[in-house]
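The values are calculated or read from the model by the stated rules, or taken from the named source; none is laboratory data. No experiment lies behind these values; they were computed from the predicted model shown. Note that each Cβ is placed from the backbone with ideal geometry, even for glycine, and that neighbours are counted across all protein chains shown.
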Amino acid sequence: MSVGVSDFTQLPCSPELISAGIAFTCRSHLRLFMTRSRVSISHLRRLCVDAIATVALRRWLTSEMVPHGLSPVAPLTDPHVQQITLGGRQLHLVNHLISNRSYIRKLARNPQLLRQTEIPVTLAHAASERLSPGDLLAYSFLLATICYGHSEIRRRTDARERTSLLAIPPRTTWRQQRPWQPLGKLILTNPDNDLLDLELLGVSADRSAEIERVTIPAKQSKQISTTWHNLLHLHTIRMPKASVRIQSPARSTEWFVTRSSWSNLWFYEPKLLLVGWLTKRELERVAKPRSHAKQAIHVRHQPGTDSIVQVNALRPINELLQIARHI
């Protein structure tokens, strides 16, 4: 039985859940900040969507009294990332963000369009050695608009809308791994006429991550309490009106965090839909080669994509619940 619009399940997606998903992503994917010269904000957003959808699904399964567990995906490299299990079978959640405003409006007028959406099937999903033929793949979409540019961030801030702002320092000096030398106790200067609340994520001498929250009075400077070897990022919920100055006394260098340095990770008017599922065996049977299918224009294809599966080829989520309750 193929999935219909009435089979889609909308999962609660509260501001608290979005905030927790963003915080988890920025604090747990340390290798991303420590090893890449340029950290892609689009990639960070996709990781945020994964975190938000996974927690939302776990909460929903609990509310539906469906027994489930958690298992680490990569305990050595990503110990914080866990995968849901149902009756001993792995449940891989495949999430996609739809942020195109005009398409979101079209979906609101005609939800049937979502059934025709083509989902890219990456090689990792189709042929992962972690997944057995009977393991499960569930598919979700987060429909939400996102905020680009500091002028739009400022507009939303002035309108008292939520923002979640991240600034990532240059890798040279601030995030470099060699030589492994201390930055010293950083000094932060607030140029604004208002208090500035910042959250900093740094790496200590033993390469463990540490968070420090600081409140800097207007037109003043403040020194953090710990000595770090790396500064991975800054986070705040209000864009400063001028450049924040960060000084490293040990390396005699400084970084001016301009307004263009901040990226907003918040999702606006979110709607999280769980649309269907398949086993890995079924996915391999229904997936179509990309070369023989009309390319999806609303779901971005990722590197490694070799085929697609249409939403209308998925099975209804209610079937999965019934199976899970009797495993």
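Restricting attention to the stretch 303-327, and to residues there that are modelled with pLDDT under 85 and part of a helix (DSSP H, G or I), which single residue is surrounded by the fewest Cβ atoms within 10 Å (Cβ to Cβ)? Explain how you work it out, then say what you get.
Residues of the stretch 303-327 that are modelled with pLDDT under 85, as a first pass: 303-307, 323-327.
Now drop any that are not part of a helix (DSSP H, G or I), which leaves 323-325.
Working: I323: 16, A324: 18, R325: 13.
Here the residue is R325.
Give just the number: which of (1) assigned to a loop (DSSP other than H, G, I, E, B); (2) surrounded by 12 or more Cβ atoms within 10 Å (Cβ to Cβ) does R38 not satisfy? Exception for R38: condition (2). Evaluation of E118 against the conditions (1) charged (D, E, K, R); (2) modelled with pLDDT of 90 or more; (3) within 18 Å of E282 (Cα to Cα) shows that the sole unmet condition is (2). Every condition in (1) more than 29 Å from H233 (Cα to Cα); (2) loosely packed, with under 15 Cβ neighbours inside 10 Å; (3) in contact (Cβ under 8 Å) with a residue 24 or more places away in the chain is met by L86 except one, and the failing one is (2).
For the stretch 199-221, the set of residues classified as part of a loop (DSSP other than H, G, I, E, B), closer than 16 Å to S243 by Cα and among the polar types (S, T, N, Q) consists of Q220 only.
Only a single criterion out of (1) within 25 Å of R45 (Cβ to Cβ); (2) free of Cβ contacts under 8 Å to residues at least 60 places away in the same chain; (3) assigned to a loop (DSSP other than H, G, I, E, B) is not satisfied by S151, namely (3).
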